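One structure is given below, encoded as structure tokens.
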Amino acid sequence: MDKHAHRAALLLLALAVAAVALGAGGLLLGNGGASALRRTLFGAESFADWDGTAVFLGDSITDFCDLGYYYPGLNAVNEGISGDVTGHMLERLDGSVLAYEPDILVLLGGINDLYTGVSDDEIVANLTAIADGTLARFPDAAVLVQSIYPVADGPDLTATGRIRAINSRLEALAEEHGYTYVDVFSALCTADGRLDERYSYDGLHPNDAGYQAVRPVLAAAIEAVTGKGLLG
């Protein structure tokens with residue numbers, strides 16, 4: 001089965017699952033079912049007309065990013081899901097990344113983990129497993145690992161210290177494992193490492209100015225692996 005036929009089959013399967021779920025009177029919508037249903041349908045929304053090679057995997061920061069607006073000329077699919085931690089992203093690697101047979105993976109995750117008791121070691125291990133798992137299936141793919149973005153931290157800068165430490169580890173692992181580390185953190189932070197208030201509406205998520213600040217950094221990294229001009 002060729003790539004396009006494979007995607008069409010996955011679309012039909014996802015729609016069939018949705019029909020069963022809705023026909024069951026919404027039983028899946030309780031006990032986290034709404035999130036599960038969205039995860040089932042999320043890929044289907046893009047399978048129908050996506051003909052590119054780049055998959056963006058992440059949490060709400062990716063989810064809320066209009067890829068067509070900020071990265072025109074790049075055929076991309078948005079696989080960000082609000083609230084996701086890196087463990088959930090790893091669990092959905094097959095359906096959210098590998099099913100697309102990607103030529104490029106743009107990965108961002110870890111900020112939700114910081115506030116849900118996940119250790120730095122586990123965050124790094126999960127992100128590494130996602131990147132390595134993609135390369136194991138598609139060794140010619142380009143994997144871009146974004147730094148964790150800064151946050152509007154408290155006076156003790158606890159979160160900022162952890163973010164910087166994790167980012168340093170991700171940068172070293174990228175060099176060791178053969179993927180690209182993209183330092184977006186530096187484009188968004190103040191001198192002390194906090195998220196610049198100009199770039200966010202809530203101290204965590206980028207606003208338009210924030211996504212515009214990220215764009216040249218990430219687009220340059222994408223251009224480097226695709227040879228495709230995105231900054232015009």
| Here are Thr180, Thr158: which of them is of a type in the set (S, T, N, Q), out of contact with any Asp or Glu (no Cβ under 6 Å at 6 or more places or on another chain) and touching a residue at least 12 places away in the same chain (Cβ under 8 Å)? | Thr180
| query | Restricting attention to region 186-206, does a residue exist that is more than 18 Å from the chain's Cα centre (by Cα), part of a loop (DSSP other than H, G, I, E, B), hydroxyl-bearing (Ser, Thr, Tyr) and farther than 18 Å from Thr53 by Cα? | reply | yes
| said: Take Ala142 and tell me if it is within 26 Å of Ala76 (Cα to Cα), touching a residue at least 60 places away in the same chain (Cβ under 8 Å) and among the hydrophobic types (A, V, I, L, M, F, W, C). | reply: yes
| request: Out of Val85, Val118, Val124, Val143, report the one residue that is among the aliphatic types (A, V, I, L, M), within 23 Å of Ala219 (Cα to Cα) and either modelled with pLDDT under 95 or crowded, with 16+ Cβ neighbours inside 10 Å (or both). | output: Val143
| Top-ranked residue in region 126-147 [being in contact with a Leu (Cβ under 7 Å, 6 or more places away or on another chain) and small (Gly, Ala, Ser); ranked as nearest to Leu114 (Cα to Cα)] | Ser147
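Residue-by-condition table, conditions (1) touching a Phe, Trp or Tyr at 6+ places or on another chain (Cβ under 7 Å); (2) farther than 24 Å from Tyr115 by Cα; (3) touching a residue at least 40 places away in the same chain (Cβ under 8 Å); (4) part of a strand (DSSP E or B):
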| position | (1), (2), (3), (4) |
| --- | --- |
| Phe56 | no, no, yes, yes |
| Cys65 | yes, no, yes, no |
| Leu74 | no, yes, yes, no |
| Asn78 | yes, no, no, yes |
| Ser82 | no, no, no, no |
| Gly95 | no, yes, yes, no |
| request: Evaluate the following for Val214: is it under 18 Å from the mean Cα position of the chain (by Cα), surrounded by 14 or more Cβ atoms within 10 Å (Cβ to Cβ) and assigned to a loop (DSSP other than H, G, I, E, B)? | output: no
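Suppose the filter is closer than 18 Å to Gly58 by Cβ and either part of a loop (DSSP other than H, G, I, E, B) or in contact with a Gly (Cβ under 6 Å, 6 or more places away or on another chain) (or both); does Tyr149 pass it? Steps first, please.
Values: closer than 18 Å to Gly58 by Cβ: yes; either part of a loop (DSSP other than H, G, I, E, B) or in contact with a Gly (Cβ under 6 Å, 6 or more places away or on another chain) (or both): yes.
Taking the combined requirement at face value, the residue satisfies it.
The values are calculated or read from the model by the stated rules, or taken from the named source; none is laboratory data. Everything numeric in this text was worked out from a predicted model, so none of it was measured. Counting neighbours? That spans all protein chains shown, and the Cβs are built from the backbone with ideal geometry, glycine included.
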